[in-house]
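Each value in this text was obtained by applying a stated rule to the coordinates, not by laboratory testing. No experiment lies behind these values; they were computed from the predicted model shown. A quick note on method: Cβ atoms are made from the backbone with ideal geometry, for glycine too, and the neighbour counts reach across all protein chains shown.
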Amino acid sequence: MTVKKMVLIPALFSFLAIYAQDKKNSVVPNENLITQNIAEIPKDLAVQVKKYAEARGASLVDVHPTKNEIIINTRFSSTAQLHRITQPMGARTQITFFDEPVSGASFEPVKGDYLVYSKDVGGNEFGQLYKLDLKTLQSTLLTDGGRSQNGGITWRKDGLGFYYSSTKRNGGDRDVYYMNPNDPKTNKLVLEVKGGGWGISDISDDGKKLLISEYISANESHIWLLDTESGKLSEVTDRKSTGIIQAGALFSDQKDEIWFVTDRDNEFQRLATMNLDTKKVSYHTSKIPWNVENANLSEDKKSFVFVTNEAGVNKMYLMNTKDKSYAAVKNIPIGLIGGVSFSKDNQSIFFTQSTAQTASDIYKLTIKTGVIERWTESELGEMQQSDMALPKFIEWKSFDNLKISGFYYPAAAKFTGKRPVLINIHGGPEGQSMASFLGSSNYYTNEMGVALIYPNVRGSSGFGKTFIAKDNGFLREDSVKDIGALLDWIAQQPELDKDKIMIMGGSYGGYMTLATAYHYADRIKCSVDIVGISNFNTFLKNTEEYRRDLRRVEYGDERIPEMAAFFEKMAPLNNIDKIKKPMFIIQGTNDPRVPVTEATQMRDKLKANGNVVWYLEAKDEGHGFRKKANVDYQRLAVIRFMQEYLLK
């Protein structure tokens, strides 16, 4: 016995030493990550990827009411926080310091001595409102701090208080409240509604009227007028008119007139005005055959800025509200534009802009001269422009001859032979893939030799209201067939390898990934599902109440027996036996949109069926990862998955 012990103990020590060495040379997930079956990630890989993983962007949050000063959102450590900038290319002075990301914020509109911002916990999207004193940087909780969503701040012009929307009454209906942030006890309910799609668009100069929006679906929305003194709510648009977008309402400088965006009598959303007395509508951008987005009025209501979405690229226009003439703003690089906001003196416009080779940054347009001044320059880590893939617009025909498009980022020219392909499908489902900056995904094209395709299947926004409705209800699987047609297109491209294709997508794109995995099991090598829907019946049962009816309009109502039966038949969860290739499932524990159960039930059934399945769950995340440590690990794990199952 003694001899055996002497033989076994050194062997045990040897094993432990090797194990310790392996751990030392591997990336270890942090305490918030649940991992199952994920292959070892060498630290050498993390070093290689780091060059691509340190890029950051900046987005405009608000413009100060009296100073040449802005608030932006950017990340310097783990999460995106608020920063103040007082001059072009000046220091980005951080003003919030939380473990959780901070989203929207709004200056008090008269002096700008404080602002109100929103923050949730662990990605649960129950955003609470806080007052931030800009002198002391102390925050005060204004809302209930519980399981409610609070946001959509609209200030009175005198700064004495603001209106906002909240689900606090019952968790499902998004009512309108009023509060003086200097005395949160003044909080009061001013409009009780039914449904989770209500919000505030604008307030009249005298504070006596609010324009209220009601979102029904990506194909339908309505405008209402609330008398803040009497509490009376009246229709602006006809509530019985279905299948029409009517949104973004703003009071004009003319009595009883509003501006809004609508696709009434048109495929695309046009900028329009309406006389509130006669209901007469006049259209002002009919010559532009694309959606108008991000429309905003100057403080004096004499100028209008709006952004168009032209096949996945944005253009900015300025309009004179008196004669309705407009022209495109010159000298903006081709790319994406967002966060457009006038300065309070009406002389300039701040906006966020990015290109395929630059992350998002803030710029200032001086209206009189047309001069554009850069206010931030976000770091790209060690990435150089030569490391970055440029998007190419591609088109293909689907099973019914419908033309489908997307953006193709080729593998770096240094790679020869047919290249593997990663198809990345957007969420929504009414989202849209645009000609955007790849960021860390340039590692795939430049270091792995993998080509990327971002398709806009039917149901995507940006291509007209007929296109966006083509996947509704019982038409759901037609969008999956669009991916099948893309697989045909790939097979015809001499530089692409039809035998090495990976599908990846998040949210609705996650459902598309799961559906493709069983519909086209013999034509793909592997899949990565991120916060995806595995069964629309269980999804609609478990998603948060404030979203449920809104999603039923898009996907179908599971309370109708025929629709429930259709959901069961098409559910990836119920077609496990057809899934033949390895799958990686990624999920946030606190996801209020696509609950964690959608991921775990898919994982468990795949495992029971003997499928290869990797699993990653973050206990401090929701609908996608936002904390840098989690994002970094997810990226490395996906790369390892690709190495094992796409490239080998």
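Going by average Cβ neighbours within 10 Å, how do the peptides 479-488, 221-230 rank, with the highest at the top?
The most tightly packed comes first, giving 479-488, 221-230.
Given +1 on the Cβ of Lys and Arg, -1 on the Cβ of Asp and Glu, and no further charges, what dipole in debye does the chain carry about its Cα centre, rounded to the nearest 20? Write down the numbers at each step before the final one.
Numbers: 82 positive and 79 negative charges, 230 e Å.
Dipole about the Cα centre, nearest 20: 1100 debye.
Viscosity 0.692 mPa s, temperature 37 °C: give me the Stokes-Einstein translational D for region 296-399 in µm²/s, with Rh taken as the Kirkwood radius over C-alpha pairs.
For these conditions, the coefficient is 214 µm²/s.
Starting with the fewest neighbours, write out 512, 383, 316 ranked by other beta-carbon atoms found within 10 Å of each beta-carbon.
Final ranking by Cβ density, sparse to dense: 316, 383, 512.
If you plug each phi of region 402-417 into the Karplus form 6.51 cos²θ - 1.76 cosθ + 1.60 with θ = phi - 60°, what whole-Hz ³J(HN,Hα) values come out, in order, with x for Gly and Pro?
For region 402-417, the Karplus-derived couplings read 5, 7, 10, 10, x, 10, 10, 10, x, 5, 4, 4, 5, 8, 10, x Hz, x marking Gly and Pro.
Projected onto the charge dipole of region 317-406 (+1 at Lys/Arg Cβ, -1 at Asp/Glu Cβ, origin at the Cα centre), which of 393, 371, 325 gives the Cα projection farthest towards the positive end?
Going by the charge dipole, the pick is 325.
With a Förster radius of 51 Å, plug the Cβ-Cβ distance of residue 264 and residue 30 into 1/(1 + (r/R0)^6) and report the FRET value to the nearest 0.05.
On the way: r = 51 Å, r/R0 = 1.00.
Computed FRET efficiency for residue 264 and residue 30 comes out at 0.50.
Expressed in nm to one decimal, what extension gain is obtained for the pair residue 206 and residue 144 from 0.36 nm per residue of sequence separation less their Cα-Cα distance?
Gain in length upon complete extension: 19.4 nm.
From the phi angles alone, apply the Karplus equation (6.51, -1.76, 1.60; θ = phi - 60°) to region 426-443 and give each ³J(HN,Hα) in whole Hz, x where the residue is Gly or Pro.
Calculated HN-Hα couplings, in order: 6, x, x, x, 8, x, 8, 7, 10, 6, 10, 6, 6, x, 5, 5, 5, 4 Hz.
Express in nm, to one decimal, how much length is gained between residue 136 and residue 275 on full extension, taking 0.36 nm for each residue of separation and deducting their alpha carbon distance.
45.4 nm
Put +1 on the Cβ of each Lys and Arg and -1 on the Cβ of each Asp and Glu in the chain; which of 273, 221, 76 then has its Cα farthest toward the positive end of the dipole?
The Cα lying farthest towards the positive end belongs to 76.
For region 99-133 and region 471-531, write down the distance between their C-alpha centroids in whole Å.
Taking the Cα centre of region 471-531 as reference, the centre of region 99-133 is 39 Å away.
R0 = 41 Å: FRET efficiency of residue 310 with residue 557, Cβ-based, nearest 0.05?
Computed FRET efficiency for residue 310 and residue 557 comes out at 0.75.
Packing-wise, with mean Cβ within 10 Å as the measure, how do 49-59, 603-613 rank, highest first?
Going from most to least packed, we get 49-59, 603-613.
Amide H neighbours of residue 335 under 5 Å, at least 5 residues apart or on other chains, H built in the peptide plane: list them.
314
Where does helix 561-570 land angle-wise versus the long Cα axis of the chain, in degrees 0 to 90, nearest 10?
Helix 561-570 and the main axis of the chain meet at about 40 degrees.
What is the distance in Å between the Cα centres of region 588-615 and region 351-402?
35 Å
If you average the sequence gap of Cα pairs under 8 Å that are 6 or more apart and divide by the length of the chain, what percent do you get for the contact order?
12 percent
5 Å is the cut-off here: which amide hydrogens, built 1.01 Å from N in the peptide plane, fall below it relative to residue 505, excluding neighbours closer than 5 in sequence?
Result for residue 505 returns 425, 528, 530.
Which number do you get for Rg(Cα) / (2.2 N^0.38 Å) in region 95-203?
Working: Rg = 13.3 Å, N = 109, 2.2 N^0.38 = 13.1 Å.
That ratio works out to 1.02.
Sketch the reach of a paramagnetic label on residue 233 as a point 7 Å from Cα along Cα-to-Cβ, and name the residues of region 186-204 whose backbone nitrogen lies under 19 Å away.
Flagged as within label range: 188-204.
Of 433, 422, 411, which is farthest on the positive side of the dipole of region 394-434, counting Cα position, with +1 on Lys and Arg Cβ, -1 on Asp and Glu Cβ, and the Cα centre as origin?
411
Near the amide H of residue 428, under 5 Å away, which other amide H atoms are found, from residues 5 or more places off or on another chain, if H is placed in the peptide plane?
Those lying under 5 Å, H to H, from residue 428 are 508, 509.
Strictly over 22 Å apart at the Cα level, which of 131/302; 67/628; 119/344; 541/578; 24/50 would you flag in this model? Let's see the in-between values first.
Working: 131/302 32 Å; 67/628 33 Å; 119/344 26 Å; 541/578 25 Å; 24/50 18 Å.
From 131/302; 67/628; 119/344; 541/578; 24/50, over 22 Å: 131/302; 67/628; 119/344; 541/578.
Starting with the fewest neighbours, write out 513, 35, 308 ranked by other beta-carbon atoms found within 10 Å of each beta-carbon.
Fewest to most other Cβ atoms nearby, the residues stand as 35, 308, 513.
At 7 Å along the Cα-to-beta-carbon direction for both residue 648 and residue 475, put a label point, then send me their distance in nm to one decimal.
4.2 nm
Using the Cα centre as the reference, give the magnitude of the dipole from point charges on the C-beta atoms of region 390-459 (Lys, Arg: +1; Asp, Glu: -1; all else neutral), rounded to the nearest 20 debye. Please list the in-between numbers first.
Details: 7 positive and 4 negative charges, 50 e Å.
That gives a dipole near 240 debye.
Counting Lys and Arg as +1 and Asp and Glu as -1, each charge on the Cβ, what is the dipole of region 157-270 about the Cα centre in debye, to the nearest 20?
Working: 15 positive and 20 negative charges, 96 e Å.
For this selection, approximately 460 debye.
On a 0 to 90° scale, report how tilted helix 2-24 is relative to the longest principal axis of the chain, with both axes built from alpha carbons and the result rounded to the nearest 10.
The two axes meet at around 30 degrees.
How far, in degrees from 0 to 90, does helix 43-53 lean away from the longest principal axis of the Cα atoms of the chain, to the nearest 10?
20 degrees
Which value does Rg/Rh take for the chain over its C-alpha atoms, Rh per Kirkwood? If you can, show how the numbers build up before the last one.
On the way: Rg = 25.8 Å, Rh = 26.4 Å.
Taking Rg over the Kirkwood Rh, I get 0.98.
Efficiency by 1/(1 + (r/R0)^6): what FRET value for residue 492 and residue 157, r their Cβ-Cβ distance, R0 = 60 Å, to the nearest 0.05?
The calculated FRET efficiency here is 0.50.
Would you mind putting 201-207, 587-593, 438-444, 462-468 in packing order, based on average other-beta-carbon counts within 10 Å, highest first?
Details: 201-207: 16.0, 587-593: 23.3, 438-444: 21.7, 462-468: 19.3.
So the peptides 201-207, 587-593, 438-444, 462-468, ranked by packing, come out 587-593, 438-444, 462-468, 201-207.
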